[in-house]
């Protein structure tokens, strides 16, 4: 029975992703463009090394060499900083390997050097060893001090039409951090006030509790009937599956996995559909049985195994105040899946959302969702009320802010349809209050780069410093 569930669910969920991925595209491949992931960043006194990505608009089947030209302002190579790869005659050569669409270079401060805070490095794309062109973000500014960005434009590295990444945006640091969206399975809340566990909503996960609390007593017989119930349905969306996803607004009292009780016997086993991997067709990630309890150290203990297994793996997850959640992968154990809670504001991702077709809310899968961090607030402003260019700090008090994770969600773009493609809505923008009480006005400027989905862009301007 277990294998029937996996195969049927794989077909259903893969069909959803195929539909999302196979949108209208040109018959010919788009031009190859090269960009920096960020337009500017700051390296704080506490940091020693900074990484920056170079992105191609699509993968190619051969290595691509990109040469970067360095312009120094108040620093000297070898005396104040070094790079990896090393610079030669003021230039760095970075190789993007075949089958990839990105590469990383690093800047490292020389030990013992003190910086005044006005030192800078400018990196410009000088040449590309492949028929291609420079994208709109062909220059990168590095400041040798903590940066509170006043104005920025950036491309969100979603990874392309298969949307493999979840991209985290830190407005004040002018930083976009991309993480493979299937690199984790469960997130464990680190707040001292509660014990809550979230599913990876970026990989279409679902979970259903069963009336057992011994993991080894769970067998394939416990999965009978779950094929269509604990899975996303393309053709017949149903309200029956709604309890098995985490509600999209981020309310921790509405997660598929209930609050972890201090009484171990009260914590039941869950059958977990891991959802989808990245690909076309998207591979099913399989099923697991899990049980979570509190441990004596004040954290969590996760037990997990394949459905038919007669033993299980156990991992302890401590609470850590630097993060909102700590993450575990069923494949790799404890993993790093998002930046520290003070180092990101928004995230772009593929997502398990809900909609109402008239008979109640049903789960469905959606590309291009914008999520808020738990310490961030957002308000929507229509350009007909206040144009983007004229919105200033004096207008903040009149706005209504929301802390819901999905306060922006898909509102920034039109949905498209059988005869139209999705597009950025230009009649609105958003006011973002970050975790340090900085206020930004934010508008989205592109849904694609060179016709390729998965690379949206935005503009953000500081209007009040915290």
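The values are calculated or read from the model by the stated rules, or taken from the named source; none is laboratory data. Computed from a prediction, not measured in an experiment: that's the story for all the values here. Note: ideal-geometry Cβ built from the backbone for every residue, glycine included; neighbour counts use all protein chains shown.
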Query - Those residues of the range 310-324 which are outside any strand (DSSP E or B), touching a strand residue (DSSP E or B) at 6+ places or on another chain (Cβ under 8 Å) and touching a residue at least 40 places away in the same chain (Cβ under 8 Å), in sequence order - result: 311, 312, 319, 320, 324
Report summary line: Apart from one, (1) out of contact with any helix residue (DSSP H, G or I) (no Cβ under 7 Å at 6 or more places or on another chain); (2) at pLDDT 95 or above; (3) within 30 Å of residue 358 (Cβ to Cβ) all hold for residue 206; the odd one out is (1)
Report task. Kindly provide the set of residues from the range 220-244 that are in contact with a helix residue (DSSP H, G or I) (Cβ under 7 Å, 6 or more places away or on another chain) and either under 24 Å from residue 188 (Cα atoms) or without any contact (Cβ under 8 Å) to a residue 40 or more places away in the chain (or both), ordered by number. Result -> 229, 230, 231, 232
Report task. Tell me which residues, restricted to the range 185-212, are closer than 13 Å to residue 337 by Cβ and part of a strand (DSSP E or B). Result -> 186, 187, 188, 198, 199
Report summary line: Scanning the range 46-91 residue by residue, those without any contact (Cβ under 8 Å) to a residue 24 or more places away in the chain, closer than 22 Å to residue 102 by Cβ and surrounded by 15 or more Cβ atoms within 10 Å (Cβ to Cβ) turn out to be 87
Query - Verdict on residue 182 being under 25 Å from the mean Cα position of the chain (by Cα) and either in a loop (DSSP other than H, G, I, E, B) or surrounded by fewer than 22 Cβ atoms within 10 Å (Cβ to Cβ) (or both) - result: yes
Query raised in the report: Do the conditions hold for residue 173, that is, is it in a strand (DSSP E or B), modelled with pLDDT under 90 and buried (at least 20 other Cβ atoms within 10 Å of the Cβ)?
Result: no
